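Student: What follows is a single structure, and I will ask about it in a moment.
The values are calculated or read from the model by the stated rules, or taken from the named source; none is laboratory data. None of the values given here were measured: they were computed from a predicted structure. Using ideal geometry, Cβ is built from the backbone for each residue, glycine included, and neighbour counts are taken over all protein chains shown. Just the protein is used for accessible areas: all its heavy atoms, side chains included, with ligands, DNA and RNA removed. Shrake-Rupley method; radii C 1.70, N 1.55, O 1.52, S 1.80 Å.
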Amino acid sequence: MLIIMLGAPGAGKGTVSAILTREFGIPQISTGDILRGEVKKGSDLGKKADEYMKTGKLVPDDIIMGCVEARLAIDDCKGGAILDGFPRTIPQADALKALLTKMGLKLDAVVNLEAPEELLIRRLTSRRTCANPSCQAIYNIYTRPPKNEGVCDICGSPVLQRDDETEEVIKNRLKIYRDTTLPLLDYYGREPVFFSLSCIDAGETVDEIKKKMKKG
Ligand code: ADP
Ligand code: ZN
């Protein structure tokens, strides 16, 4: 089973993907999380990626494809995966198509999460993330603060604002999303497994995704 989650930064892809992972028993692959892990490790790849990520730019396609291919080659992806934040460009989508054919996987759903821009900006500037790379729990200073301010409920590590979640960088990320990633809606729009939903409550969105997948 393969599910692609599309949507602007802050649309709720990560939250919905985390629930789908538990429900379907297939891993969530977030290229953003993989890259942040490499940055934390200080690997060559991480150093290169960080130059783009700091200012909200997209990391080049060849780096991304290397990460995704390596991740999909791990055994836990035999039954498929939920792709969160990938593909983000047409060349990435083309490369993914070839990769899926090679792996014998087919697309079961392409879900686009929609949200108005003011809501995206509010969500992203109020988001806080656990600094522990193997946890990365997501909090919100208004709607889901950690029990103890600044401390992760799950692992006790510091809960911080990401460098790329300041208002200026967020506006840049949204512009890049509109220019580069939005064309993917046309790319996948013709596929029968494509649908758009809004995500106010992630649990409800997951129920709708499951309903649509049964129909399809
Ligand atoms: P969000 O979905 O909230 O924008 P992510 O955690 O998915 O955040 O991505 C953070 C950053 O990592 C992006 O701004 C970009 O620099 C880089 N990145 C993640 N996924 C990709 C991708 N598929 N292609 C290019 N860059 C990516
Ligand atoms: Zn944590």
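Student: Amide H of Gly7: which non-local residues (sequence gap of 5 or more, or other chain) have their own amide H closer than 5 Å, using H built in the peptide plane?
Tutor: Amide H to amide H, under 5 Å and 5 or more residues apart or across chains, Gly7 pairs with Leu113.
Student: Please give the per residue accessible area of the chain, computed with a probe of 1.4 Å over protein heavy atoms only, in Å².
Tutor: About 52 Å² of surface per residue is accessible.
Student: Output wanted: per-residue J couplings in Hz (rounded whole) for segment 192-200, from phi through Karplus 6.51 cos²θ - 1.76 cosθ + 1.60, θ = phi - 60°, x for Gly and Pro.
Tutor: Result, ordered by residue: x, 8, 8, 8, 10, 9, 9, 10, 9 Hz.
Student: Looking only at the chain, where both bridge partners belong to it, what percent of the DSSP beta bridges are antiparallel (to the nearest 5)?
Tutor: Of the beta bridges lying entirely in the chain, close to 30 percent run antiparallel.
Student: Run the numbers for Asp163 and Lys210: contour at 0.36 nm per residue of separation, minus the present Cα-Cα distance, in nm.
Tutor: That pair, Asp163 and Lys210, stretches by 13.5 nm at full extension.
Student: How far is it, in nm, from the label point at Glu114 to the one at Asp186 when both lie 7 Å from their Cα along the line to the Cβ?
Tutor: About 1.8 nm separates the two model spin labels.
Student: Apply the Karplus curve 6.51 cos²θ - 1.76 cosθ + 1.60, θ = phi - 60°, to the phi angles in segment 127-142 and return the couplings in whole Hz, x for Gly and Pro.
Tutor: 7, 10, 10, 4, 6, 6, x, 8, 10, 6, 4, 10, 10, 9, 4, 9
Student: With all protein chains present, how much of the accessible area of the chain (probe radius 1.4 Å) comes from carbon and sulfur, to the nearest whole percent?
Tutor: Details: 6000 of 11310 Å².
Carbon and sulfur together cover 53 percent of it.
Student: Cα to Cα, under 29 Å, and not fewer than 8 places away if on the same chain: which lysines meet these conditions relative to Lys47?
Tutor: Lys13, Lys57, Lys97, Lys171, Lys175
Student: Now a separate question. Go ahead and estimate [θ] at 222 nm for the chain from helices alone: -39,500 (n - 2.57) per DSSP H run with n ≥ 4, summed, over the residue count, rounded to 500.
Tutor: Roughly -13500 deg cm²/dmol at 222 nm, from the helical runs in the chain.
Student: Excluding same-chain residues fewer than 8 positions from Lys210, which aspartates and glutamates have a Cα within less than 13 Å of its Cα?
Tutor: Reachable aspartates and glutamates: Glu23, Asp108.
Student: Quick check: residue separation of Val151 and Ile121 times 0.36 nm, minus the Cα distance between them. What number comes out in nm?
Tutor: 8.4 nm is the gain from fully extending Val151 to Ile121.
Student: May I pose another question? Which ³J(HN,Hα) values in Hz, rounded to whole numbers, follow from the phi angles of segment 39-46 under the Karplus curve 6.51 cos²θ - 1.76 cosθ + 1.60, where θ = phi - 60° and Gly and Pro get x?
Tutor: Values, residue by residue: 4, 4, 5, x, 5, 4, 4, x Hz.
Student: Normalising by the residue count of the chain, find the relative contact order in percent from Cα pairs under 8 Å and 6+ residues apart.
Tutor: Working: 307 pairs, mean separation 64.8, N = 216.
Relative contact order here is 30 percent.
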